[in-house]
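Notes to accompany the following structure.
The values are calculated or read from the model by the stated rules, or taken from the named source; none is laboratory data. Please read all numbers here as calculations on a predicted model, not as lab measurements. In this analysis, Cβ positions are derived from the backbone assuming ideal geometry, glycine residues included, and neighbour counts consider all displayed protein chains.
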Amino acid sequence: MCGIAGLIYRGDNGGHRLGDDLTRMLQSMRHRGPDSTGYALYRNPAPELIMRVKLADGPADGDLELADALRRRRAGVQARVRAGGAEIGAVQDVNQYTIALTLSYDGDIKRLADLAESVPGTEVLSAGHALEIVKDLGDARTVASAYGLDAYVGSHGIGHVRMATESDVDISNAHPYWAYPFSDVAVVHNGQLTNYHHWRRRLERLGHRFASDCDSEIIAVYLAQRMSEGDSLKEAMCRSLEDLDGVFTYICVTDEALGMAKDELAAKPLVLYEGDELVALASEEIAIRAVIDREIETYDPYESEVMVWRR
């Protein structure tokens, strides 16, 4: 079933409690997916590159062999990115199995991410000048508490609560997905692509690799590829409704914008609120009312509709 949510503050200075607001939205939809929760969070763009790296799918919990492996992976990732020409400004041990690197780097992000992932057992969750992806097992309150998201200040973001149906309950299959290797693009979606394999093969022929078998990742890379060829976000999203088959609703974010798209059947729900200060959208109205404590009017976007908002 799953649930998706998005939030963007208008005329924003990047100073809103984005983590807390998205957590409240996602927690209100816990019934749609208690297995894992994920966030794509955006701050004001910075010169430095933020790379979040998963070293394992969970803590060592007394496993001395795994604990030693995690230490070696942490050191290995740092050595590889340095070898790739990046200068490490800071290393944050988010928890036992996740680190965040602040890097001075102006080269090819794909090359740098590939070097980091050449350390066995690691996965780059995101890399960007504004984007940070956080995802883990458990409901929104559990994940937000573990990662300190209640204090996260930002401008816009998206989130996802997952009920596992066809794939494992682990971090790799949790959403959102970064559009590897394109900086600052991420997607959450509810539904299914019926031509998933066609587009995966086609994108792989362009040199892209995928961290999962999830069709949400295909959407993210498809949109980023279109934008790299000159499309605006809205143009890429409109084109996606012609190229991607299935029943789906998705939300895409870049460093400056948030957009939503519904397929021609519009069978997957999305409720939208537009105000002077913010735009909020989610699979259920209860999620929007979790962050707006006054009387509001919401509506459902139409079939084949694409909408984009800039921060």
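Restricting 50, 109, 99 to those that are in contact with a His (Cβ under 9 Å, 6 or more places away or on another chain) and surrounded by 14 or more Cβ atoms within 10 Å (Cβ to Cβ) reduces the list to 50. Is it fair to say residue 31 is in contact with a Gly (Cβ under 9 Å, 6 or more places away or on another chain) and surrounded by 15 or more Cβ atoms within 10 Å (Cβ to Cβ)? No. For the stretch 7-55, a tally of residues being modelled with pLDDT of 95 or more and more than 25 Å from residue 273 (Cα to Cα) returns 9. Looking across the stretch 12-28, the residues that are surrounded by 16 or more Cβ atoms within 10 Å (Cβ to Cβ), at negative phi and among the small types (Gly, Ala, Ser) come down to 19, 28.
Scanning the stretch 180-213 for residues that are part of a helix (DSSP H, G or I) and either among the hydrophobic types (A, V, I, L, M, F, W, C) or in contact with a Cys (Cβ under 8 Å, 6 or more places away or on another chain) (or both) yields 199, 203.
Suppose we keep only residues that are under 20 Å from residue 253 (Cα atoms) and either among the aromatic types (Phe, Trp, Tyr) or surrounded by fewer than 16 Cβ atoms within 10 Å (Cβ to Cβ) (or both) within the stretch 210-224. Which one would you say is modelled with the lowest pLDDT? Top of the filtered list is 210.
Looking across the stretch 171-228 at every residue that is free of Cβ contacts under 8 Å to residues at least 24 places away in the same chain and among the basic types (Lys, Arg), the one that is farthest from residue 265 (Cα to Cα) is identified as 205. Take residue 258 and decide whether it is crowded, with 23+ Cβ neighbours inside 10 Å, over 24 Å from residue 198 (Cα atoms) and in contact with a Phe, Trp or Tyr (Cβ under 7 Å, 6 or more places away or on another chain). Answer is yes for this residue.
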